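Take a look at the structure set out below.
Derivation of every value follows stated rules applied to the coordinates shown; laboratory data play no part. Please read all numbers here as calculations on a predicted model, not as lab measurements. As a convention, Cβ positions derive from the backbone with ideal geometry for all residues, glycine included, and neighbour counts pool all protein chains shown.
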Amino acid sequence: MSHPVADPSRLRLGALFDQCHALVSSEMFRRMTDDQRGLELSFSQIHALMHLNRHGAVIIADLAEAVKLSSTAASRMVERMVRAGLVQRRENPEDRRQKYVELTPAGVSHVEELRSSITQIYSELFVHVPDKMVHQLIDTLVKARSYMPPAICTLNSRPAETEG
């Protein structure tokens, strides 16, 4: 797979973000393992929950494509998430052969908890960084967001947390 960006500065920035993401992901999965609620979610299920949170109700075939699963595997995943109370299925009123899947209130709550945990873990990465540097980084990232693709900047962003 070729990379469209070969600029060394942008590759270095990407590598730094990747290092942060690896630390956060590792800690997130560790905390999920320790979670007392017993929801053992796979990466695909978490990906599906986040996709549904961003896009709302989607047909199962589109969810399968989004999380890179076969239709059969996606249907099994959705069934497990329905049993866990995180999503619900409903018929497409225009084509009863198609089923929509959407988050339940419990699913929304779970996504909010995941996002809150992720935000907390990222903040923990910067606990020893001087305040001045933290504010500079915030200012820089807020400004840089205007140059990023719109889909990246609208992933249910929480404005109160992005303002410096």
Nearest-20 debye value, the range 28-155 charge dipole, Cβ charges on Lys, Arg, Asp, Glu = 200 debye
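Give the Kirkwood hydrodynamic radius (Å, one decimal) of the range 41-125, defined as one over the mean of 1/r across all pairs of different Cα atoms.
Details: mean 1/r = 0.0759 Å⁻¹.
About 13.2 Å for the range 41-125.
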Lys/Arg +1, Asp/Glu -1 at C-beta; the chain dipole; positive extreme among 128, 61, 88 | 61
Listed values [x] 1.25; [y] 0.98; [z] 1.01, entry calculated as Rg/Rh (Cα atoms, Kirkwood Rh) = [z]
Percent relative contact order for the range 41-125, counting Cα pairs under 8 Å at least six residues apart, stands at 29 percent
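Give the relative contact order (percent, whole number) for the range 1-150; include only Cα pairs under 8 Å separated by 6+ residues.
Contact order relative to length: 20 percent.
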Lysines near residue 68 by alpha-carbon distance under 20 Å, same-chain residues fewer than 8 away left out - which ones?
-> 99
Cross-link partners among lysines for residue 143, C-alpha distance below 18 Å, same-chain residues fewer than 8 apart left out?
-> 132
